[in-house]
Structures are given as C-alpha cells and as structure tokens.
Amino acid sequence: MNEVHKNIKELEELDIRSLLWKYFLPAFTGVVVNALYNIVDRIFIGRGVDSLALSGLSAVFPLMLIIFAFGMLVAIGANVRISINIGKKDYKRAEQVLGNAVTLGIIISALLTLFGYIYRYPLLKMFGAGEGAMPYALEYFEYILFANIFATIGFILNNVCRAEGNPKTAMYSLFISAGTNTVLDPILIFGFDMGVKGAAIATIIAQFVLCIWVVSHFYSKRSVLKLHFCNLRLNRKIIYYILTIGFAPFSMQMAASAVQAVLNTQLIRYGGELAVGAMGIINSVAQLLVMSIIAINIASQPIIGFNYGAQHLLRVRKTLIICLKAATLVAVAGFAVTQLFPGAIVRIFNTDNPELFELGKAGLRKFTLLFPLVGFQIITGSYYQSIGKAGIASFLSLLRQVIVLIPILFILPEFTGLDGVWYANPLSDVVSAAVTSVFLVRALKQLK
C-alpha cells in the first residue's frame with residue numbers, strides 16, 4: 001500500500017485515540033511554533049528596544065489578526081471541503097478546491113497589502129498606538145505588510161497538508177519557518193542593531209521560506225493532491241463553498257481584532273500606554289494557551305470531516321468526546337499556571353519596568369480567571385465548522401468574543417476602572433459557556 005492510500009485508510013479505520021494522537025502531536029507543535037512568531041518578536045523587542053516598542057507591537061497585533069483572518073477564511077474553508085471530498089473519494093474535486101484556494105489567497109492578500117499600506121497611520125491610531133508607540137508600530141507594520149502574500153499562501157497550503165493526511169509535513173514546514181524567525185531575530189535586532197525593523201525583516205524571510213516549502217510539497221510524490229495550473233481558474237461554486245465554511249473562523253479572528261481594538265482604547269483610557277504593553281504580554285500568554293486547544297481542533301478536523309463525509313457518525317461522536325475532555329484538561333492546566341506563576345511569566349517579556357511588571361502580573365490573573373470554561377466552547381464551535389454547519393459555527397465563534405464581550409468592555413470599566421477591562425473576559429466566558437452547552441448537548445444527541 002502506498003503512502004497516499006495508507007493515509008486515507010487510517011482516517012477511515014484506525015482507532016480514534018491513536019489517530020487523534022498522530023494528528024495532535026504535529027498540530028500542537030505546529031501551532032505553538034507558529035505562535036512563536038509574534039511572541040519571540042515581543043520578547044526580543046521588550047528586552048532589546050523599550051517598553052513603548054512593546055506597546056507599538058500591541059497596536060499592530062489586531063491588524064495582524066485581521067490579515068490572518070482573511071487567510072483563515074480561505075484556508076479553513078478549503079481544509080474542510082477537501083476533507084469531506086476526500087472522504088467521498090472525490091479527489092478531482094478536492095484538487096479543484098486546492099487550486100481555487102491558492103488563487104483566492106493571492107487576490108485577497110494583494111488587496112489587503114494595498115489597503116493596509118494606504119491607511120496604515122489611521123488604522124494603527126484606531127487600534128491603540130499612542131504618540132510614543134506610533135513610530136515603532138509604523139515601522140513594524142510597513143514591513144510586515146509586504147510579507148502578507150507569502151504568509152497567506154503558506155498558511156493555506158499548510159492547512160491543506162493536514163486535510164490530505166500529511167500532518168507531519170505541516171509540522172516540519174512550521175518548524176523551518178519559525179526556526180528561521182527565531183534565529184534571525186536576535187541577529188538582526190541585537191547583532192545589526194536594527195531594532196523593530198530587524199524583527200519585521202526576520203518575519204518576512206521566515207514566511208517566504210514557509211511559502212516555498214509548502215508549494216514544493218504539492219509537486220512532490222508525498223502529496224495526496226497535486227497543484228495543477230488548470231485548477232487555478234476560479235469556479236464560482238467552489239469559491240462559495242470555501243467562503244461559507246471559512247466564514248466561521250474568519251469571523252472569530254475578525255472578532256478578536258475588534259475586541260483587541262476596544263481593549264487597547266479602553267486600556268489607554270483607564271491605564272495609559274503601559275497598560276497596552278501589559279495587554280501585549282497577556283495576549284502572548286493567552287495565545288499560547290488557546291493555541292494548545294486549537295491544536296486539538298486542527299487534529300480533529302480532518303478526522304471529523306472525513307468520517308462525516310463517509311457517514312461514519314459513531315467515529316465522529318467518539319472524536320468529539322475525546323477532544324472535549326482533552327481541551328478542558330488543557331484549559332484547566334493553563335488556568336493553574338497563570339494563577340500560580342504570573343510574575344515569572346511577565347518577567348520573560350520585561351525585566352526593567354516595575355510598573356509594567358505589576359500591570360502585567362495583575363492583569364494576567366484577572367484576564368484568565370475563568371479560563372477552564374474556554375476549552376469546550378472552542379471545540380464545539382470547531383465541530384460545527386468541521387461538518388459544514390457554517391451558521392452555527394459562526395454564531396458560537398462570535399458569541400464569546402463579540403456579542404457578549406464588547407458590550408461588557410464598554411459598560412464594566414465605567415464602574416470599576418481598569419479592573420473592569422481585565423474582568424470583562426471571564427464574565428463573557430460565563431455567559432457564552434451557558435449558551436454553547438445547549439448546542440453541544442444537541443450535537444451529541446444527533447450523533448447517537
């Protein structure tokens with residue numbers, strides 16, 4: 001049996017626990033390594049430049065989330081459609097989805113680069129860059145924009161690697177890319193004394209390496225699907241299928257960006273520019289914790305999508321239950337670490353500003369107060385996304401990060417000041433968890 005047929009047979013027949021573990025390890029490694037892009041930049045800039053530079057990067061962060069959201073719109077939509085088509089043994093259609101996803105990614109990333117460059121100053125100001133942090137934010141953002149096309153295509157194709165049953169290839173590509181970034185950061189920031197510009201250039205080079213690596217995969221013998229020139233021509237029906245499924249993660253990322261913008265403006269209002277820098281540290285930690293849960297999603301998606309397409313519903317149900325347990329365990333562990341060792345975590349990013357240290361330490365504890373409720377919410381939303389229920393998936397994604405959280409961010413700080421900004425997140429977790437539970441129970445009943 002060749003490698004291609006072995007991968008497909010495993011999705012259909014291998015024990016679910018073994019299959020999840022096979023997909024989880026590369027996914028977990030990949031998302032953590034991918035998260036290190038921004039986190040490593042923040043660590044080196046926080047230590048090698050100054051606190052205002054860290055605040056500048058915090059203002060760029062929500063704009064990077066918007067760019068990433070458009071990548072997810074195409075990548076996750078294509079990922080789900082490819083998994084379902086492979087489950088149906090329709091490889092021709094899966095390759096058409098792959099080609100359309102690449103073309104769509106190129107068009108969207110080019111438009112975003114143009115728009116972002118033209119409106120860079122008002123955008124950064126809107127997302128919380130104050131006068132002191134603005135020069136750093138502009139310098140970093142201008143460079144990052146021109147790596148957008150490489151980052152988007154690399155992200156799309158890396159997701160397709162997982163969908164076709166090649167999780168290790170996806171993991172290796174992120175290792176190579178993030179490793180390049182991690183090595184170049186200190187060389188350019190410290191060795192060449194390039195500061196924020198050095199961090200941005202390191203990221204550009206790393207994303208170019210990722211793009212070249214994954215494109216070459218789809219012309220190799222290892223790939224189940226091939227990237228054919230004829231499939232690059234856009235098909236209206238395929239684009240519709242990609243975008244409807246991709247809208248759920250897209251809306252979640254856009255919501256994260258909107259929330260970050262509101263957070264930054266409220267933090268400046270109630271805590272000043274250093275509070276925005278503290279939020280940058282908290283975001284880095286929260287990103288790592290959430291990425292660990294998202295790794296479970298990434299591992300489960302091809303398994304759920306394939307078996308749902310093949311109508312093996314008991315395998316789908318078992319996958320969902322195992323993922324729920326694992327995500328809750330990760331969420332509880334993340335909660336314990338942030339509550340017990342907040343000072344040690346903040347020191348990784350900053351050692352020379354006592355005020356920033358205290359803001360970050362207190363904010364981290366309050367922000368993650370009810371993190372154990374987050375795991376099952378992310379898994380439930382991802383399940384509906386994986387089976388093609390875009391409407392429900394979008395609602396659950398928006399519920400926690402927009403529908404509930406943004407109103408709280410405007411109301412609570414009016415009465416409690418800066419503490420209200422920190423406590424808005426756990427309060428939102430409680431409300432959204434109650435609603436998500438209803439959809440989870442319904443899903444488990446339907447899979448019986």
*What number of residues within segment 214-253 satisfy the criterion of being over 24 Å from the mean Cα position of the chain (by Cα) and of a type in the set (Phe, Trp, Tyr)?*
2
*Given (1) farther than 19 Å from residue 279 by Cα; (2) of a type outside the set (Lys, Arg); (3) in a helix (DSSP H, G or I), number of the condition residue 388 does not satisfy*: (3)
*Out of 324, 314, sole residue that is buried (at least 18 other Cβ atoms within 10 Å of the Cβ), in contact (Cβ under 8 Å) with a residue 24 or more places away in the chain and over 23 Å from residue 422 (Cβ atoms)*: 324
*Does residue 169 fit the bill of being in contact with a Cys (Cβ under 6 Å, 6 or more places away or on another chain), part of a helix (DSSP H, G or I) and open to solvent by 10 Å² or more (accessible area, probe 1.4 Å)?*
yes
*Identify all residues within segment 218-272 that are among the polar types (S, T, N, Q) and in a helix (DSSP H, G or I); write none if there are none.*
231, 244, 251, 253, 257, 260, 264, 265, 266
*Which listed residue, of 391, 375, 363, is more than 28 Å from residue 268 (Cβ to Cβ) and surrounded by 18 or more Cβ atoms within 10 Å (Cβ to Cβ)*: 375
*Using beta carbons and a limit of 8 Å, which pairs, at least six apart or on different chains, have the first residue in segment 351-368 and modelled with pLDDT of 90 or more and the second one open to solvent by 20 Å² or more (accessible area, probe 1.4 Å) and among the hydroxyl-bearing types (Ser, Thr, Tyr)?*
366/423
*Filter result for the condition that a residue is out of contact with any helix residue (DSSP H, G or I) (no Cβ under 7 Å at 6 or more places or on another chain), among the polar types (S, T, N, Q) and assigned to a helix (DSSP H, G or I), over 394, 428, 437*: 437
*Which residue out of 155, 141, 192 is open to solvent by 30 Å² or more (accessible area, probe 1.4 Å), at pLDDT 80 or above and within 21 Å of residue 60 (Cα to Cα)?*
155
*Here are 86, 16: which of them is at pLDDT 75 or above and within 18 Å of residue 245 (Cα to Cα)?*
86
_If I ask for residues that are closer than 20 Å to residue 287 by Cβ and either of a type outside the set (Phe, Trp, Tyr) or open to solvent by 50 Å² or more (accessible area, probe 1.4 Å) (or both), which ones from segment 405-422 would you list?_
405, 406, 409, 421
*Could you tell me which of the residues 347, 400 is surrounded by fewer than 17 Cβ atoms within 10 Å (Cβ to Cβ), basic (Lys, Arg) and touching a helix residue (DSSP H, G or I) at 6+ places or on another chain (Cβ under 9 Å)?*
347
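The values are calculated or read from the model by the stated rules, or taken from the named source; none is laboratory data. Model, not experiment: these values are computed from the prediction. Glycine gets a Cβ as well: all are built from the backbone with ideal geometry, and neighbour counts include every protein chain shown. In case anyone asks, the SASA skips ligands and DNA or RNA and just uses the protein heavy atoms, side chains included. Shrake-Rupley method; radii C 1.70, N 1.55, O 1.52, S 1.80 Å.
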